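Read the figures in this text as sums done on the coordinates, not as results from a lab. Keep in mind that what you see is a predicted model, and the values were worked out from it rather than measured. In this analysis, Cβ positions are derived from the backbone assuming ideal geometry, glycine residues included, and neighbour counts consider all displayed protein chains.
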Amino acid sequence: MNDVSARPGHAPEPVPAPFRERLLPGPGAWLIALGLGVIAAVIMLPLQPLMAPGVGVLVGAATVVALVATSPVVEVGDGVLRAGPARVPVDLLGRVTPIFSAEEMRVALGPDLDARAYVCLRSWARTGLRVELRDPGDPTPYWLVSTRRPDELAEALVAAGAGG
């Protein structure tokens with residue numbers, strides 16, 4: 001038997017998630033990060049000309065790190081839907097409804113929004129998914145999750161057992 005994962009003391013290889021997306025900002029946010037670095041350098045130029053480029057790079061890099069660090073991950077894997085810091089077992093999920101347009105998402109977040117819903121939203125991802133919860137112990141009626149690939153996320157959830 002040559003399977004290393006079957007030997008005692010060896011952990012099995014992790015199974016890749018059928019869906020994983022980090023909701024990184026669009027190009028405009030990256031340009032803003034660059035612009036903040038340039039602005040910081042220009043502000044420092046009259047005060048400390050030798051330090052100005054370094055401060056500009058530092059501010060730009062810090063902005064990029066903050067954008068990446070605050071970008072939530074939406075993932076389906078190991079029988080769990082993860083959206084940002086929240087997790088729910090897929091077997092507690094009901095109907096899965098992809099939202100394919102910015103207008104549908106606006107309505108879902110506005111007039112149709114239930115205040116008890118869990119929302120993982122990023123304004124730069126204008127499409128999303130609504131998935132109902134079937135947990136009698138949880139007052140949350142549904143999750144509304146931003147994603148740039150709502151059809152793929154819906155397919156992954158259904159394949160994992162949601163909606164049944």
Ranking V74, V107 by Cβ neighbours within 10 Å, fewest first, what do you get? V107, V74
Search the structure for amide H atoms under 5 Å from the amide H of T147, placed 1.01 Å from N in the peptide plane, and list their residues when 5 or more places away or on another chain. T127, G128, L129
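According to the square roots a ≥ b ≥ c of the eigenvalues of the Cα gyration tensor, what is the shape class of the stretch 73-160, taking rounded for a/c under 1.5, prolate for a/b larger than b/c otherwise, and oblate for the remainder? Intermediate values should be presented prior to the final figure.
Details: a/c = 1.70, a/b = 1.20, b/c = 1.41.
Oblate, because a/c is 1.5 or more while a/b does not exceed b/c.
Restricting everything to alpha-carbon atoms, can you work out Rg to Rh for the chain with a Kirkwood hydrodynamic radius? Walk me through the numbers before you get to the answer.
Values: Rg = 21.2 Å, Rh = 18.5 Å.
That ratio is 1.15, to two decimals.
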Amide H proximity to V80 below 5 Å, modelled H, separation 5+ or other chain, gives V90
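Please give me the summed charge of the neighbours of A86: other residues whose Cβ is under 12 Å from its Cβ, Lys and Arg +1, Asp and Glu -1.
Numbers: positive: R82, R87; negative: E75, D138.
Once all neighbours under 12 Å are counted, the net charge is 0.
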Compute from the Cα atoms of the stretch 24-69 the Rg and the Dmax, the latter being the longest Cα-Cα distance, and quote both in angstrom. 11.1, 35
For the stretch 73-160, what does the relative contact order come out to in percent, with C-alpha contacts under 8 Å and a separation of six or more? 31
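Relative contact order for the chain using alpha-carbon pairs under 8 Å, separation at least 6, rounded to a whole percent?
Details: 264 pairs, mean separation 36.2, N = 164.
Relative contact order, the chain: 22 percent.
What order do you get for M51, M44, M105 when you list them from fewest to most C-beta neighbours inside 10 Å? Numbers along the way, then the final one.
On the way: M51 13, M44 18, M105 22.
Ranked by crowding around the Cβ, least crowded first: M51, M44, M105.
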Rounded to whole Hz and in sequence order, give me ³J(HN,Hα) for the stretch 138-147 from the Karplus expression 6.51 cos²θ - 1.76 cosθ + 1.60, θ = phi - 60°, writing x for Gly and Pro. 10, x, 6, x, 6, 10, 10, 10, 6, 7
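Nearest 5 percent is fine: what portion of the DSSP beta bridges confined to the stretch 73-160 is antiparallel?
Working: 18 of 21 bridges.
Around 85 percent of the beta bridges assigned by DSSP in the stretch 73-160 are antiparallel ones.
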